[in-house]
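Remarks on the structure that follows.
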Amino acid sequence: MTGTKFHIKVPGKLMIAGEYAVLEPDGQAIVVAVDRYIQAEIESSEQNSISLPQLGIDYVTWEPLDPYGIQLSDTSLKILFVKNAIALFNDYLHSLSIPLRPWSLKITSELNDISGKKYGLGSSAAVTVAVITSMCYFYKSSLGEISKELIYKLSAISHFKTQGNGSCADIAASTYGGWVHYASFHSSWLLKEIKIETPTPEIVNKSWPNLMIHSITPPSDLTLCVGWTNSESSTAPMISKIRELQEIKPELYKKFLSDSKNAVENLIQSFWNKSSDNAITSLTQNREALKTLSDHAETEIETEKLGLLIQIANQYGSGKTSGAGGGDCGIAFVRGDTSISELKSEWERANILPLNVSVSNDGATGVRIN
(Lines give C-alpha, C1' and ligand atoms only; values in the text may rest on other atoms or scores of the structure.)
Protein backbone atom coordinates (compact mmCIF):
# COMPACT_ATOMS: atom_id res chain seq x y z
CA MET A 1 0.00 0.00 0.00
CA THR A 2 1.42 3.39 -0.96
CA GLY A 3 0.37 6.72 0.50
CA THR A 4 1.41 9.69 2.58
CA LYS A 5 4.89 9.55 4.08
CA PHE A 6 6.67 12.04 6.35
CA HIS A 7 10.23 12.35 7.65
CA ILE A 8 10.54 13.73 11.20
CA LYS A 9 13.64 15.15 12.93
CA VAL A 10 13.76 15.90 16.66
CA PRO A 11 16.91 17.21 18.36
CA GLY A 12 18.36 16.06 21.66
CA LYS A 13 18.95 18.49 24.51
CA LEU A 14 21.45 19.61 27.12
CA MET A 15 20.60 21.30 30.38
CA ILE A 16 22.73 24.41 30.79
CA ALA A 17 21.61 25.82 34.14
CA GLY A 18 18.84 25.43 36.70
CA GLU A 19 18.85 21.66 37.18
CA TYR A 20 16.77 20.39 40.12
CA ALA A 21 15.53 23.93 40.87
CA VAL A 22 13.39 23.86 37.72
CA LEU A 23 11.33 21.07 39.30
CA GLU A 24 9.97 23.57 41.83
CA PRO A 25 6.97 25.87 41.17
CA ASP A 26 9.09 29.02 40.77
CA GLY A 27 12.19 27.34 39.33
CA GLN A 28 13.74 28.36 36.04
CA ALA A 29 16.27 26.76 33.74
CA ILE A 30 18.20 27.26 30.54
CA VAL A 31 18.20 24.32 28.14
CA VAL A 32 19.51 23.98 24.60
CA ALA A 33 18.68 21.72 21.66
CA VAL A 34 21.66 19.98 20.03
CA ASP A 35 22.19 18.50 16.58
CA ARG A 36 22.03 14.85 17.56
CA TYR A 37 18.64 13.65 16.44
CA ILE A 38 15.85 11.18 16.82
CA GLN A 39 14.65 10.58 13.27
CA ALA A 40 11.38 8.97 12.26
CA GLU A 41 9.47 8.02 9.16
CA ILE A 42 5.72 7.53 9.27
CA GLU A 43 3.62 6.36 6.35
CA SER A 44 0.27 4.84 5.46
CA SER A 45 0.16 1.08 5.95
CA GLU A 46 -2.18 -1.90 6.02
CA GLN A 47 -1.17 -2.64 9.62
CA ASN A 48 -0.26 -0.38 12.56
CA SER A 49 3.40 -1.07 13.28
CA ILE A 50 6.46 0.35 15.04
CA SER A 51 10.15 -0.32 14.38
CA LEU A 52 13.00 0.70 16.70
CA PRO A 53 15.98 -1.27 15.33
CA GLN A 54 18.54 0.17 17.76
CA LEU A 55 16.50 -1.23 20.64
CA GLY A 56 16.35 -4.61 18.93
CA ILE A 57 12.68 -4.07 18.07
CA ASP A 58 12.30 -4.71 14.36
CA TYR A 59 8.55 -4.96 14.01
CA VAL A 60 5.85 -4.48 16.63
CA THR A 61 2.18 -4.28 15.69
CA TRP A 62 -0.52 -2.61 17.71
CA GLU A 63 -4.30 -2.38 17.84
CA PRO A 64 -6.46 0.29 19.50
CA LEU A 65 -8.33 -0.72 22.65
CA ASP A 66 -11.45 0.82 24.15
CA PRO A 67 -11.63 3.36 25.52
CA TYR A 68 -8.27 4.87 24.46
CA GLY A 69 -5.50 2.35 25.09
CA ILE A 70 -3.50 0.26 22.64
CA GLN A 71 -2.45 -3.37 22.59
CA LEU A 72 1.14 -4.06 21.47
CA SER A 73 2.43 -7.36 20.15
CA ASP A 74 5.56 -6.70 22.26
CA THR A 75 5.15 -5.63 25.90
CA SER A 76 8.79 -4.60 26.44
CA LEU A 77 9.27 -1.68 28.83
CA LYS A 78 11.78 -0.30 26.30
CA ILE A 79 8.87 1.04 24.26
CA LEU A 80 6.69 2.29 27.11
CA PHE A 81 7.20 5.96 26.16
CA VAL A 82 6.27 5.13 22.56
CA LYS A 83 3.19 3.16 23.59
CA ASN A 84 1.90 5.90 25.87
CA ALA A 85 2.51 8.63 23.28
CA ILE A 86 0.46 6.71 20.71
CA ALA A 87 -2.34 6.08 23.22
CA LEU A 88 -2.40 9.75 24.23
CA PHE A 89 -2.56 10.92 20.63
CA ASN A 90 -5.33 8.43 19.80
CA ASP A 91 -7.26 9.84 22.75
CA TYR A 92 -6.72 13.33 21.35
CA LEU A 93 -8.02 12.25 17.93
CA HIS A 94 -11.02 10.52 19.49
CA SER A 95 -11.95 13.70 21.38
CA LEU A 96 -11.86 15.60 18.08
CA SER A 97 -13.92 12.90 16.31
CA ILE A 98 -11.05 12.18 13.92
CA PRO A 99 -11.03 8.48 12.81
CA LEU A 100 -7.85 6.45 13.11
CA ARG A 101 -5.93 5.39 9.99
CA PRO A 102 -3.28 2.64 10.02
CA TRP A 103 0.38 3.66 9.75
CA SER A 104 3.89 2.31 10.16
CA LEU A 105 6.55 4.20 12.11
CA LYS A 106 10.32 3.65 12.13
CA ILE A 107 12.46 5.47 14.73
CA THR A 108 16.26 5.75 14.75
CA SER A 109 18.51 7.60 17.19
CA GLU A 110 21.80 9.49 17.20
CA LEU A 111 21.59 10.15 20.97
CA ASN A 112 23.65 7.13 22.05
CA ASP A 113 27.17 5.95 21.28
CA ILE A 114 27.69 3.00 18.95
CA SER A 115 27.59 0.53 21.87
CA GLY A 116 24.17 1.84 22.91
CA LYS A 117 25.31 3.84 25.94
CA LYS A 118 23.31 7.02 26.44
CA TYR A 119 25.09 10.36 26.22
CA GLY A 120 22.45 12.03 28.40
CA LEU A 121 20.89 14.04 25.59
CA GLY A 122 17.29 13.38 26.57
CA SER A 123 16.43 10.26 24.58
CA SER A 124 13.08 9.38 26.21
CA ALA A 125 11.84 12.96 25.84
CA ALA A 126 13.05 13.22 22.24
CA VAL A 127 11.43 9.87 21.35
CA THR A 128 8.15 11.06 22.84
CA VAL A 129 8.34 14.29 20.83
CA ALA A 130 9.20 12.27 17.70
CA VAL A 131 6.13 10.03 18.07
CA ILE A 132 3.81 12.97 18.74
CA THR A 133 5.29 15.00 15.88
CA SER A 134 5.02 12.03 13.51
CA MET A 135 1.36 11.53 14.31
CA CYS A 136 0.64 15.27 14.08
CA TYR A 137 2.01 15.32 10.54
CA PHE A 138 0.32 12.07 9.55
CA TYR A 139 -3.04 13.53 10.57
CA LYS A 140 -2.20 17.05 9.36
CA SER A 141 -4.99 17.05 6.78
CA SER A 142 -7.50 16.62 9.62
CA LEU A 143 -5.74 18.71 12.28
CA GLY A 144 -4.71 21.68 10.16
CA GLU A 145 -1.64 23.76 11.03
CA ILE A 146 0.77 21.99 13.41
CA SER A 147 2.12 24.36 16.07
CA LYS A 148 5.10 23.91 18.38
CA GLU A 149 2.74 24.54 21.29
CA LEU A 150 0.55 21.59 20.28
CA ILE A 151 3.55 19.27 19.95
CA TYR A 152 5.00 20.44 23.28
CA LYS A 153 1.77 20.09 25.25
CA LEU A 154 0.83 16.67 23.88
CA SER A 155 4.39 15.44 24.43
CA ALA A 156 4.48 16.86 27.95
CA ILE A 157 1.16 15.23 28.89
CA SER A 158 2.34 11.88 27.50
CA HIS A 159 5.78 12.08 29.12
CA PHE A 160 4.26 13.14 32.44
CA LYS A 161 1.77 10.27 32.37
CA THR A 162 4.60 7.82 31.77
CA GLN A 163 7.18 9.23 34.19
CA GLY A 164 4.90 10.80 36.81
CA ASN A 165 7.22 13.74 37.38
CA GLY A 166 9.81 15.97 35.75
CA SER A 167 10.02 19.54 34.49
CA CYS A 168 9.60 18.71 30.76
CA ALA A 169 12.41 21.17 29.99
CA ASP A 170 13.85 18.49 27.70
CA ILE A 171 10.49 18.29 25.90
CA ALA A 172 10.62 22.07 25.36
CA ALA A 173 14.16 21.99 23.92
CA SER A 174 13.40 19.09 21.58
CA THR A 175 10.19 20.77 20.41
CA TYR A 176 11.23 24.41 20.02
CA GLY A 177 14.97 24.11 19.34
CA GLY A 178 17.72 26.62 20.06
CA TRP A 179 18.45 28.12 23.48
CA VAL A 180 15.39 28.13 25.73
CA HIS A 181 14.68 30.03 28.94
CA TYR A 182 12.19 27.72 30.63
CA ALA A 183 9.88 27.58 33.63
CA SER A 184 7.79 24.46 34.14
CA PHE A 185 4.02 24.27 34.49
CA HIS A 186 2.69 23.41 37.93
CA SER A 187 2.84 19.64 38.04
CA SER A 188 0.01 19.44 40.59
CA TRP A 189 -2.26 21.23 38.13
CA LEU A 190 -1.53 18.79 35.29
CA LEU A 191 -1.87 15.78 37.59
CA LYS A 192 -5.29 17.05 38.66
CA GLU A 193 -6.41 17.55 35.05
CA ILE A 194 -5.30 14.01 34.22
CA LYS A 195 -6.95 12.57 37.35
CA ILE A 196 -10.35 14.16 36.67
CA GLU A 197 -10.08 13.00 33.04
CA THR A 198 -10.30 16.41 31.43
CA PRO A 199 -10.46 15.77 27.66
CA THR A 200 -7.02 16.10 26.11
CA PRO A 201 -7.99 18.91 23.68
CA GLU A 202 -9.28 20.94 26.65
CA ILE A 203 -6.01 20.49 28.52
CA VAL A 204 -4.07 21.52 25.41
CA ASN A 205 -6.19 24.64 24.90
CA LYS A 206 -5.89 25.82 28.51
CA SER A 207 -3.28 28.27 29.73
CA TRP A 208 -0.81 26.14 31.71
CA PRO A 209 -0.01 27.75 35.08
CA ASN A 210 3.55 29.09 35.32
CA LEU A 211 4.70 27.64 31.97
CA MET A 212 7.27 29.83 30.21
CA ILE A 213 9.17 28.98 27.04
CA HIS A 214 11.27 31.86 25.69
CA SER A 215 13.90 31.74 22.96
CA ILE A 216 17.19 33.41 23.95
CA THR A 217 20.47 34.10 22.14
CA PRO A 218 23.94 33.77 23.71
CA PRO A 219 26.79 36.24 23.12
CA SER A 220 28.29 35.66 19.66
CA ASP A 221 31.80 35.02 21.05
CA LEU A 222 30.62 32.38 23.55
CA THR A 223 31.02 28.72 22.58
CA LEU A 224 29.36 25.74 24.22
CA CYS A 225 31.58 22.66 24.49
CA VAL A 226 30.35 19.26 25.64
CA GLY A 227 32.31 16.38 27.11
CA TRP A 228 31.08 12.86 27.83
CA THR A 229 32.45 10.92 30.81
CA ASN A 230 31.88 7.47 29.27
CA SER A 231 29.45 6.59 32.05
CA GLU A 232 25.67 6.73 32.26
CA SER A 233 23.66 8.15 35.14
CA SER A 234 20.31 7.30 36.70
CA THR A 235 18.22 10.36 37.48
CA ALA A 236 15.49 8.91 39.73
CA PRO A 237 17.67 7.89 42.74
CA MET A 238 19.38 11.28 42.71
CA ILE A 239 16.08 13.15 42.71
CA SER A 240 15.00 10.99 45.68
CA LYS A 241 18.09 12.09 47.60
CA ILE A 242 17.37 15.73 46.81
CA ARG A 243 13.77 15.30 47.99
CA GLU A 244 15.04 13.84 51.27
CA LEU A 245 17.19 16.94 51.82
CA GLN A 246 14.19 19.15 51.06
CA GLU A 247 12.25 17.44 53.86
CA ILE A 248 15.05 17.11 56.42
CA LYS A 249 16.84 20.44 55.88
CA PRO A 250 14.34 22.79 54.21
CA GLU A 251 16.41 25.92 54.88
CA LEU A 252 19.44 24.47 53.08
CA TYR A 253 17.21 23.51 50.16
CA LYS A 254 15.67 26.98 50.04
CA LYS A 255 19.18 28.45 49.97
CA PHE A 256 19.99 26.24 46.97
CA LEU A 257 16.84 27.39 45.16
CA SER A 258 17.76 31.02 45.78
CA ASP A 259 21.36 30.53 44.63
CA SER A 260 20.25 28.64 41.52
CA LYS A 261 17.68 31.31 40.66
CA ASN A 262 20.30 34.06 40.98
CA ALA A 263 22.71 32.15 38.75
CA VAL A 264 20.07 31.55 36.05
CA GLU A 265 18.90 35.18 36.17
CA ASN A 266 22.50 36.39 35.90
CA LEU A 267 23.06 34.08 32.95
CA ILE A 268 19.95 35.36 31.21
CA GLN A 269 21.11 38.93 31.81
CA SER A 270 24.54 38.12 30.37
CA PHE A 271 22.83 36.88 27.20
CA TRP A 272 20.80 40.07 26.92
CA ASN A 273 23.92 42.17 27.52
CA LYS A 274 26.01 40.05 25.11
CA SER A 275 28.62 39.58 27.85
CA SER A 276 30.49 36.29 27.54
CA ASP A 277 32.52 37.15 30.67
CA ASN A 278 29.37 37.36 32.77
CA ALA A 279 28.00 34.19 31.16
CA ILE A 280 31.13 32.30 32.18
CA THR A 281 30.86 33.67 35.73
CA SER A 282 27.15 32.79 35.96
CA LEU A 283 27.78 29.22 34.89
CA THR A 284 30.31 28.91 37.71
CA GLN A 285 27.72 30.28 40.16
CA ASN A 286 25.26 27.59 39.15
CA ARG A 287 27.93 24.90 39.43
CA GLU A 288 28.72 26.04 42.99
CA ALA A 289 25.04 25.95 43.96
CA LEU A 290 24.72 22.39 42.63
CA LYS A 291 27.91 21.26 44.32
CA THR A 292 26.71 22.56 47.68
CA LEU A 293 23.37 20.82 47.14
CA SER A 294 25.17 17.58 46.30
CA ASP A 295 27.32 17.75 49.42
CA HIS A 296 24.36 18.32 51.75
CA ALA A 297 22.19 15.68 50.06
CA GLU A 298 25.05 13.15 50.16
CA THR A 299 24.59 12.29 46.52
CA GLU A 300 27.21 12.45 43.79
CA ILE A 301 25.92 14.99 41.29
CA GLU A 302 29.50 15.84 40.38
CA THR A 303 31.40 12.57 40.00
CA GLU A 304 35.19 12.41 40.06
CA LYS A 305 35.25 12.31 36.25
CA LEU A 306 32.85 15.26 35.97
CA GLY A 307 34.96 17.14 38.51
CA LEU A 308 38.01 16.60 36.32
CA LEU A 309 36.07 17.74 33.24
CA ILE A 310 35.11 20.93 35.09
CA GLN A 311 38.62 21.50 36.44
CA ILE A 312 40.00 21.40 32.91
CA ALA A 313 37.19 23.60 31.57
CA ASN A 314 37.83 26.22 34.23
CA GLN A 315 41.31 26.83 32.77
CA TYR A 316 39.68 28.15 29.59
CA GLY A 317 36.32 29.48 30.77
CA SER A 318 33.92 27.67 33.09
CA GLY A 319 32.41 24.21 33.37
CA LYS A 320 29.63 22.38 35.16
CA THR A 321 27.57 19.22 35.12
CA SER A 322 24.60 19.01 32.77
CA GLY A 323 21.28 17.61 33.88
CA ALA A 324 21.02 15.39 36.94
CA GLY A 325 24.76 14.70 36.99
CA GLY A 326 26.14 11.46 38.36
CA GLY A 327 27.72 10.71 34.97
CA ASP A 328 26.80 11.48 31.36
CA CYS A 329 27.89 14.91 30.07
CA GLY A 330 29.51 18.03 31.40
CA ILE A 331 29.56 21.37 29.62
CA ALA A 332 31.91 24.31 29.25
CA PHE A 333 31.57 27.96 28.20
CA VAL A 334 34.72 29.17 26.43
CA ARG A 335 35.89 31.91 24.08
CA GLY A 336 38.24 31.68 21.11
CA ASP A 337 39.14 28.87 18.75
CA THR A 338 42.50 28.23 20.41
CA SER A 339 40.88 27.72 23.81
CA ILE A 340 38.34 25.30 22.32
CA SER A 341 41.02 23.19 20.65
CA GLU A 342 43.20 23.08 23.76
CA LEU A 343 40.23 22.28 26.01
CA LYS A 344 39.17 19.33 23.86
CA SER A 345 42.72 18.01 23.68
CA GLU A 346 43.02 18.07 27.47
CA TRP A 347 39.67 16.36 27.86
CA GLU A 348 40.80 13.59 25.51
CA ARG A 349 43.99 13.08 27.52
CA ALA A 350 41.79 12.67 30.59
CA ASN A 351 39.66 10.04 28.79
CA ILE A 352 36.75 12.45 28.42
CA LEU A 353 35.17 12.34 24.97
CA PRO A 354 34.47 15.77 23.42
CA LEU A 355 31.14 15.49 21.64
CA ASN A 356 30.94 17.07 18.23
CA VAL A 357 27.62 18.81 18.79
CA SER A 358 26.23 22.21 17.88
CA VAL A 359 23.03 24.04 18.68
CA SER A 360 20.00 22.87 16.67
CA ASN A 361 17.73 25.83 16.05
CA ASP A 362 14.74 24.26 14.31
CA GLY A 363 13.33 21.95 16.97
CA ALA A 364 10.87 19.25 15.92
CA THR A 365 10.29 19.33 12.16
CA GLY A 366 8.39 17.28 9.61
CA VAL A 367 8.72 17.07 5.85
CA ARG A 368 6.45 15.22 3.44
CA ILE A 369 8.53 12.88 1.28
CA ASN A 370 5.76 11.09 -0.62
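The values are calculated or read from the model by the stated rules, or taken from the named source; none is laboratory data. Because the structure is a prediction, the values reported are computed rather than measured. Every residue, glycine as well, gets a Cβ built from its backbone with ideal geometry; the counts of neighbours run over all protein chains shown. Side chains included, ligands, DNA and RNA excluded: accessible areas come from the protein's heavy atoms. Shrake-Rupley method; radii C 1.70, N 1.55, O 1.52, S 1.80 Å.
Using a Gaussian network model on the chain with a 10 Å cutoff between Cα atoms, which of 83, 255, 206 fluctuates the most?
Of the options given, 206 has the highest mean-square fluctuation.
For the chain, what is the accessible area per residue in Å² when the probe is 1.4 Å?
Accessible area per residue, the chain: 44 Å².
Take the residue pairs 13/291; 13/78; 9/241 and return only those whose Cα atoms are more than 27 Å apart.
Exceeds cut-off: 9/241.
So, in nm, how far is label residue 265 from label residue 215 when the simple model puts each one 7 Å beyond its Cα toward the Cβ?
Distance between the two pseudo-spin positions: 2.7 nm.
With r as the distance between the Cβ atoms of residue 359 and residue 240 and R0 = 22 Å, compute the FRET efficiency 1/(1 + (r/R0)^6) and round to 0.05.
Between residue 240 and residue 359 the formula returns 0.10.
With θ taken as phi - 60° and the coefficients 6.51, -1.76 and 1.60, list the Karplus ³J(HN,Hα) couplings across region 154-165 in order, rounded to whole Hz; mark glycine and proline as x.
So the Karplus estimates, Gly and Pro as x, are 5, 5, 5, 4, 5, 4, 5, 4, 6, 8, x, 7 Hz.
From the backbone phi of region 335-341, what are the Karplus-calculated ³J(HN,Hα) couplings (6.51 cos²θ - 1.76 cosθ + 1.60, θ = phi - 60°) in whole Hz, Gly and Pro given as x?
My calculation for region 335-341 gives 10, x, 4, 5, 4, 5, 4 Hz in order.
Just check region 263-337 against the gyration tensor rule for me: Cα atoms, a ≥ b ≥ c as the square roots of the eigenvalues, rounded for a/c under 1.5, and otherwise prolate or oblate depending on whether a/b exceeds b/c.
Taking the square roots of the gyration eigenvalues as a ≥ b ≥ c, region 263-337 is oblate.
Specify the inter-centroid distance of region 300-320 and region 186-233, based on alpha-carbon positions, in whole Å.
That distance is 26 Å.
Give the shape of region 126-274 as rounded, prolate or oblate, defined through the alpha-carbon gyration tensor: a ≥ b ≥ c are the square roots of its eigenvalues, a/c under 1.5 means rounded, and otherwise the shape is prolate if a/b is larger than b/c and oblate if not.
Oblate, since a/c reaches 1.5 and b/c is not below a/b.
What is the set of long-range amide H partners of residue 45 at a cut-off below 5 Å, with H atoms built 1.01 Å from backbone N?
Those lying under 5 Å, H to H, from residue 45 are 103, 104.
Which of the peptides 25-31, 217-223 is most tightly packed, and how do the rest follow, judged by the mean count of other Cβ atoms within 10 Å per residue?
25-31, 217-223
Can you tell me the orientation of helix 235-248 relative to the chain, as the angle in degrees between its alpha-carbon axis and the longest Cα principal axis, to the nearest 10?
In the chain, helix 235-248 runs at an angle near 60 degrees to the longest axis.
For region 219-367, rounded, prolate or oblate, judged on the Cα gyration tensor with a ≥ b ≥ c (square roots of eigenvalues), a/c < 1.5 rounded, else prolate if a/b > b/c?
Prolate, because a/c is 1.5 or more and a/b exceeds b/c.
Using the structure shown, select from 249/305; 261/320; 305/344; 106/206 the pairs with a Cα to Cα distance greater than 20 angstrom.
Pairs exceeding 20 Å: 249/305; 106/206.
Output wanted: per-residue J couplings in Hz (rounded whole) for region 92-109, from phi through Karplus 6.51 cos²θ - 1.76 cosθ + 1.60, θ = phi - 60°, x for Gly and Pro.
Per-residue couplings from phi come out as 4, 4, 4, 5, 9, 6, 9, x, 6, 10, x, 8, 10, 9, 10, 10, 10, 10 Hz.
Given H placed on each backbone N at 1.01 Å, which residues far from residue 303 in sequence or on other chains put an amide H within less than 5 Å of it?
Those qualifying (amide H under 5 Å, at least 5 residues apart or on another chain) are 326, 327.
Can you list the residues, at least 5 places off or on another chain, whose amide H is less than 5 Å from the amide H of residue 17, using H built in the peptide plane?
Amide H to amide H, under 5 Å and 5 or more residues apart or across chains, residue 17 pairs with 30.
Name the most mobile residue of 65, 96, 293, meaning the one with the largest mean-square fluctuation, in a Gaussian network model of the chain with Cα contacts below 10 Å.
Between 65, 96, 293, it is 65 that shows the largest mean-square fluctuation.
Report, for the chain, the % of DSSP beta bridges that are antiparallel, rounded to 5.
95
Would you look at the GNM of the chain, springs on alpha carbons closer than 10 Å, and say which of 97, 187, 147 moves the most?
Among 97, 187, 147, the largest GNM mean-square fluctuation belongs to 97.
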